[in-house]
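Trainee: Okay, handing you the structure first.
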Amino acid sequence: MTTTARPPADLGTAEIAQKKWAKWQLYLGFVGFFLGLLMGLLQALDRMGFYLYKEAQLSSYYQGLTLHGVSMVFILTFAFGNAFLTLGVMRSLERPMASTMLVAASFWSAAIGVALAAWAILANQATVLYTMYSPLRPHVAFYIGAVLLVISTWIVLLNQLLTLRAWRKDHPGEPIPLLAFVSVVTYIMWFIASLGVAIEVLVFLIPWSLGLVQNTDPLLNRILFWFTGHPIVYFWLLPAYVSWYITVPKMVGGRLYSDGVVKGVFILFLLFSTPVGLHHQFTDPGVDEGLKLLHMLFTFAVFFPSLVTAFTLMAALEDGAKHNGGKGLVAWIRQLPWGNPSVVAQLFAMLGFVLGGVSGLINASATVNLVVHNTSFIPGHFHLTVGTAVALTIMGVSYWLVPYLTGKKLCCRRLAVAQSWLWFGGVMLFSRGLMAAGIEGQPRRVPVGLMTYAEESWKLWDIVTGIGGTLMVTSGTIFFIVIIGTLLRKKGSAGAVEFPIADTVYGPEQSPAILDRLGLWTAVSVVLILIAYVPVFVSHYYNFTSPGFVRW
Ligand code: HAS
C-alpha cells in the first residue's frame, strides 16, 4: 500500500482496477435493491388483502420485512455510497485512490457481510427487522454480516484520508476540491456515528448471541442503536446530496452558488447528525425527559442544513433553466431537461424530499411525536426520504454511472424517464396511504392481511398504499430492465461519459480557509456528542438481566 502520489504513467492502471472494484460494489447494491423490491411487492399485496408469504416460501411477514429493510437500507445504500464517493474522490483530486488493495478490500468486506446476513435471514435465523432490537436474538452470522458491512465503509474512509493526505502533500495550501471535501466529510460523520452500533454489536450482542454471556440490557442496546440509527439516515442521504449539489447543476446547465456554503452545510451535518438519537426514543421509559428535549433541539439544528440545501439547489436549477431560455417566477421549471432520465429521477427525488423533510419535522416535535410514533405514519415518512430522496437518486445516478463505468450507452432513455414518473406517482400514493392510516392509529410493522382489529377507516388507505407500492415495484422493475439492457450493449457504445462536476459562482478561493480544517470540525462534533450522550450513559440504570428470545 502506498500513500504517495502516483506518477501519471501509473494513473491509468490503478484507476482502471479501482473503477472495476467500484463497479462491483455498485452491482452489490443492485442485488440488495432487487431483493428489497421482491419483498416490497409482498408487502404491497398484503395491504390489499393478499397475504402471500407462505407461497413465497417465507415463514412470516416479519422474515420478509427483515429482508426488505436490511436489503434497502444497509446493502443498497452502503454499497452505493462506497462506490460513488470513492469515485468522487478520485475524480475530484484527479488521482487514483491511495490503495487499490483497500478499494478491493472494501468490496470483499461488504460482499461477505451481505452473504452472511442474507444467509441468516433467508434461513429464518434472524427475523429481527433492520433495527435488530434485543432481546430478539438472531444467529451470530447476522451480526457478523452487519459488522463486515460497516467495516467496508471504514475501509473507504481510510482510503479517502490516505488519498487526501497524498494530495495535500502535492498541493500545499490549496483548498480541498469540493467533491472530495463532501465525500470525505460524509464518511467522517458516518465513522463517528457508527461507533454506537459497533459497541452494541461487538461488546454486547455477539458475546450474547454466542452464549458467552447469558443476559443483555435491551434499553442500553436501543440507546446505542439509535446513537448510530439517526445519523445513519444522513449517511444514506449525503451521497444523494453530493449528487444534487455537484452533478445535477452541471447536468441542467447551471452553476452552484457557493463552494463555501456547501462545505458549511456538510460541516453542519458532521456536527449535528449524531447527538440526536433520543428523538427515536421519546416514548421510551427509563430515559431522562430533559435529555430527550436536548436531543430534540439538536434535531432542529440538523434540519437547518437541509433547508439551506433546498434554497441553494433551487437557485442552481433556476440558473440552469434560465441559461437555457427559461423565464418567469416558476415557468423556468419547464426548461429543465425533462428528457434526461438522470435529471428527472433526481428532480423527483428532491420533490419527494420536501414532503419527507416536513414529515421529519412532525416526528421531531416531542409532543406531536406521541401521535405518530410506532404508527404507519413513520414508514410513510421514510419512504419519502430514504425510499425516494435516496433510492430515486441512486437510480438517477446509475443512469450515468453505469455507462461511465462500463463504457456502454444507456439503453431505453424514454423508458428510464417514465420509470421516475412512475416511482414518484407510486410513492405519493404509498406514503399518503401510510400517513393517513397512521394518523388514524394504524400501527406500523404489522401484517395488515392478518390483522383482527383493523379499523374501518384504515381500509381505503391500505388499498391506496397497496396500489402505490405496486407502482413503485413496477418502476423498480423497469429500472432493472434499463440497466440490464445497458449491460447487454456493446462496449464503447457510450463514448466518453464524464463524471459531471458543476462550476461555482463563488469558488473555493472565496471560501474561508477554516472550513477545510477537518480535524477541528471532527473535534467539535465529538464535543457535541459528549454533551448529548455522557449524561445518558451516566444516568442509565444498567440492567443486564434479559435472556435472548427467538420468536419466529
Ligand atoms: Fe427521519 C424516523 C426526524 C430526515 C429516515 N426517519 C425515521 C425513520 C427512518 C427515517 C428510516 O425526530 C424510522 C426509523 C425506525 O425504523 O424507527 N428525519 C427527521 C428529521 C429529518 C429527517 C427532522 N429521516 C430523514 C432522512 C431519512 C430519514 C433524510 C433517510 C434518508 N425521523 C425523524 C424522527 C423520527 C424519524 C424524529 C422518529 C420517529 C418515531 O417516532 O419513531 C430532517 O433531516 C429532514 C430535513 C429535510 C428538509 C427537506 C429539504 C428539501 C430538499 C429538497 C429541495 C427540493 C427542491 C425541489 C430544490 C428540510 C433539500 C426542486 C424540484 C423541482 C422540480 C424544481
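Trainee: Give the residue, chosen from Met350, Met395, that is farther than 29 Å from Asp284 by Cα, out of contact with any Gly (no Cβ under 7 Å at 6 or more places or on another chain), assigned to a helix (DSSP H, G or I) and more than 9 Å from the ligand (Cβ to nearest atom).
Mentor: The match here is Met395.
Trainee: What are the residues in the range 508-517 that are more than 25 Å from the chain's Cα centre (by Cα) and open to solvent by less than 60 Å² (accessible area, probe 1.4 Å), if any?
Mentor: The answer is Pro508, Ser511.
Trainee: If we scan the range 449-460, do we find a residue that is surrounded by fewer than 17 Cβ atoms within 10 Å (Cβ to Cβ) and aromatic (Phe, Trp, Tyr)? Steps first, please.
Mentor: Looking only at the range 449-460, we keep the residues that are surrounded by fewer than 17 Cβ atoms within 10 Å (Cβ to Cβ), and these are 450-457, 459-460.
Of the ones still in play, those that are also aromatic (Phe, Trp, Tyr) are 453.
Checking the range 449-460: at least one residue is surrounded by fewer than 17 Cβ atoms within 10 Å (Cβ to Cβ) and aromatic (Phe, Trp, Tyr).
Per-residue answers, yes or no, for (1) surrounded by 12 or more Cβ atoms within 10 Å (Cβ to Cβ); (2) at pLDDT 95 or above:
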{"site": "Met472", "(1), (2)": "yes, yes"}
{"site": "Ile478", "(1), (2)": "yes, yes"}
{"site": "Ile483", "(1), (2)": "yes, yes"}
{"site": "Glu498", "(1), (2)": "no, no"}
{"site": "Ile501", "(1), (2)": "yes, yes"}
{"site": "Gly519", "(1), (2)": "no, yes"}
{"site": "Ala523", "(1), (2)": "no, yes"}
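Trainee: How many residues does the range 247-266 contain that are buried (at least 21 other Cβ atoms within 10 Å of the Cβ) and under 14 Å from Thr186 (Cα atoms)?
Mentor: Counting residues in the range 247-266 that are buried (at least 21 other Cβ atoms within 10 Å of the Cβ) and under 14 Å from Thr186 (Cα atoms) gives 4.
Trainee: Same structure, new question: Scan (1) out of contact with any helix residue (DSSP H, G or I) (no Cβ under 9 Å at 6 or more places or on another chain); (2) in a loop (DSSP other than H, G, I, E, B); (3) of a type outside the set (Phe, Trp, Tyr) for the single condition Glu174 breaks and write down its number.
Mentor: The failed condition is (1).
Trainee: A further question on this structure: Output yes when any residue across the range 366-379 is more than 30 Å from Phe78 (Cβ to Cβ), more than 9 Å from the ligand (Cβ to nearest atom) and buried (at least 20 other Cβ atoms within 10 Å of the Cβ), and no when none is.
Mentor: No, that holds for no residue.
Trainee: Please specify each residue of the range 277-335 satisfying the condition of being within 8 Å of the ligand (Cβ to nearest atom) and in a loop (DSSP other than H, G, I, E, B).
Mentor: Once the filter is applied, which keeps residues that are within 8 Å of the ligand (Cβ to nearest atom) and in a loop (DSSP other than H, G, I, E, B), the range 277-335 yields Phe282, Thr283.
Trainee: Please enumerate the residues belonging to the range 423-446 that are farther than 12 Å from Ser376 by Cβ and either open to solvent by 50 Å² or more (accessible area, probe 1.4 Å) or not assigned by TED's automatic domain parsing to the domain that holds Gly468 (or both). Walk me through it before giving the result.
Mentor: Of the range 423-446, the ones farther than 12 Å from Ser376 by Cβ are 423-429.
Result: Met428, Leu429.
Trainee: Still on this structure: Please count how many residues of the range 138-149 are in contact (Cβ under 8 Å) with a residue 60 or more places away in the chain and either assigned to a loop (DSSP other than H, G, I, E, B) or open to solvent by 10 Å² or more (accessible area, probe 1.4 Å) (or both).
Mentor: So the count comes out to 6.
Trainee: Just to be sure I understand, how many residues within the range 411-437 are over 24 Å from the mean Cα position of the chain (by Cα) and either part of a helix (DSSP H, G or I) or closer than 12 Å to Met395 by Cβ (or both)? Steps first, answer last, please.
Mentor: Looking only at the range 411-437, we keep the residues that are over 24 Å from the mean Cα position of the chain (by Cα), and these are 411-415, 436-437.
Of the ones still in play, those that are also either part of a helix (DSSP H, G or I) or closer than 12 Å to Met395 by Cβ (or both) are 413-415, 436-437.
Going through the range 411-437 one residue at a time, the tally reaches 5.
Trainee: Can you name every residue in the range 300-354 that is in contact (Cβ under 8 Å) with a residue 60 or more places away in the chain and of a type in the set (Val, Ile, Thr)?
Mentor: Of everything in the range 300-354, those that are in contact (Cβ under 8 Å) with a residue 60 or more places away in the chain and of a type in the set (Val, Ile, Thr) turn out to be Val302, Thr309, Thr312, Val343, Val344.
Trainee: Further question on the same structure: Consider the range 353-365. How many of its residues are more than 6 Å from the ligand (Cβ to nearest atom) and open to solvent by 50 Å² or more (accessible area, probe 1.4 Å)?
Mentor: Counting residues in the range 353-365 that are more than 6 Å from the ligand (Cβ to nearest atom) and open to solvent by 50 Å² or more (accessible area, probe 1.4 Å) gives 3.
Trainee: One residue is enough: does the range 265-280 have a residue meeting the conditions touching a strand residue (DSSP E or B) at 6+ places or on another chain (Cβ under 8 Å), more than 30 Å from Tyr133 (Cα to Cα) and in the same structural domain as Ala315 (by TED's automatic domain parsing)?
Mentor: No, the range 265-280 has no match at all.
Trainee: For the range 254-273, how many residues are in a loop (DSSP other than H, G, I, E, B) and under 18 Å from the mean Cα position of the chain (by Cα)?
Mentor: Going through the range 254-273 one residue at a time, the tally reaches 1.
Trainee: Just to be sure before I move on: is Leu212 outside the structural domain of Leu268 (by TED's automatic domain parsing), at pLDDT 95 or above and surrounded by fewer than 18 Cβ atoms within 10 Å (Cβ to Cβ) in the structure I sent?
Mentor: Numbers: outside the structural domain of Leu268 (by TED's automatic domain parsing): yes; at pLDDT 95 or above: yes; surrounded by fewer than 18 Cβ atoms within 10 Å (Cβ to Cβ): yes.
It is true that Leu212 is outside the structural domain of Leu268 (by TED's automatic domain parsing), at pLDDT 95 or above and surrounded by fewer than 18 Cβ atoms within 10 Å (Cβ to Cβ).
Trainee: Being open to solvent by 40 Å² or more (accessible area, probe 1.4 Å) and within 30 Å of Ile478 (Cβ to Cβ) narrows it down to one of Ala310, Ala345, Ala349, Ala316, so name that one.
Mentor: Selected residue: Ala310, the only one of Ala310, Ala345, Ala349, Ala316 that is open to solvent by 40 Å² or more (accessible area, probe 1.4 Å) and within 30 Å of Ile478 (Cβ to Cβ).
The values are calculated or read from the model by the stated rules, or taken from the named source; none is laboratory data. Since we're looking at a predicted model, the values are computed, not measured. We place every Cβ from the backbone using ideal geometry, glycine too, and count neighbours over all the protein chains shown. Remember, those area values only see protein heavy atoms, side chains included, never the ligands or the DNA or RNA. Shrake-Rupley method; radii C 1.70, N 1.55, O 1.52, S 1.80 Å.
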